[in-house]
Structures are given as C-alpha cells and as structure tokens.
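Working notes, beginning with the structure itself.
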Amino acid sequence: MFQNYDWPGNVRQLQNVIEQLMVLATSEPVAVEDLPANLLAGPKVRETEPETLEEAVLQAKRKFVGGILELTRGNHRDAAIVLGIHPAGMRRFLDRLGM
C-alpha cells in the first residue's frame with residue numbers, strides 16, 4: 001500500500017504517516033486497519049500532461065465535473081443543475097467526457 005500511494009507530499013508526508021502509525025497503531029506489527037484512509041483508497045492514477053489544447057480542455061472538464069459529482073455524491077440530476085445543463089442530457093455529457 002505504501003508503494004502504490006502517489007505521495008504528493010513526498011518524504012514529509014511519508015514521515016508524518018509513519019509518526020502517526022507509531023503513536024496511533026493498535027497492534028504490532030502495524031495492521032491495515034491502522035493505516036490512514038488516504039492510503040487505503042488505493043493507488044492514484046496520475047494524469048498525463050496533455051499534448052494539445054483539446055486534450056487540456058477535456059482534462060480540465062473531467063476534473064471539474066468529477067468535483068461536482070463528488071460534491072453531489074454522484075447524483076447526476078443535482079450535478080446537471082449545478083453545471084447548468086439539462087438533467088436529461090447529463091448521461092450524454094458524461095459519455096462525451098469519457099466518464
């Protein structure tokens with residue numbers, strides 16, 4: 001799990017997690033249940049750098065829409081309203097984004 005995690009905070013984040021485990025772990029050796037939730041979420045897929053403006057726009061749209069879907073807890077109707085599109089077209093919109 002440690003190897004699969006992206007570690008956006010690099011060494012400092014790793015150090016903080018290890019210190020947390022030393023203090024808060026309920027067993028020895030450390031069990032999976034003792035790990036922070038962000039490590040348990042699984043590996044993060046890094047987005048590659050876009051090569052064209054079209055790819056950059058598509059990537060930005062996916063990220064933005066993904067955040068709205070998170071905010072609305074996956075409710076497509078509510079997400080469509082927030083995005084200002086008709087709820088009936090939400091599925092097509094997500095298909096065009098590859099989501």
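If I take all pairs of Cα atoms in the chain, what percentage of them are more than 18 Å from each other?
Roughly 62 percent, rounded to a whole number.
Could you work out the helix-only [θ] at 222 nm for the chain, with each DSSP H run of four or more residues adding -39,500 (n - 2.57) and the total divided by the number of residues, to the nearest 500 deg cm²/dmol?
So the calculated ellipticity at 222 nm is -16500 deg cm²/dmol.
In whole percent, how big is the carbon plus sulfur part of the accessible area of the chain, probe 1.4 Å, protein atoms only?
55 percent
Nearest 10 degrees, 0 to 90: what angle lies between the long axis of helix 53-71 and the longest principal axis of the chain (Cα atoms)?
So the helix axis and the longest Cα principal axis differ by about 70 degrees.
For region 46-87, report the accessible area per residue in Å² (1.4 Å probe, heavy atoms, rounded to an integer).
Per residue, region 46-87 has an accessible area of 83 Å².
Quick check: residue separation of Leu21 and His86 times 0.36 nm, minus the Cα distance between them. What number comes out in nm?
18.7 nm
Once fully extended, how much extra length lies between Lys63 and Arg12, figured as 0.36 nm per residue of separation less the alpha-carbon to alpha-carbon distance?
15.7 nm
Charges at C-beta only: +1 for Lys and Arg, -1 for Asp and Glu. How large is the resulting dipole of the chain about its Cα centre, in Debye rounded to 20?
In total the dipole reaches around 560 debye.
Computed FRET efficiency, Cβ-Cβ of Phe2 and Glu49, R0 22 Å: what is it to the nearest 0.05?
0.25
The values are calculated or read from the model by the stated rules, or taken from the named source; none is laboratory data. Quick caveat, the model's predicted, so the values are computed rather than measured. We place every Cβ from the backbone using ideal geometry, glycine too, and count neighbours over all the protein chains shown. In case anyone asks, the SASA skips ligands and DNA or RNA and just uses the protein heavy atoms, side chains included. Shrake-Rupley method; radii C 1.70, N 1.55, O 1.52, S 1.80 Å.
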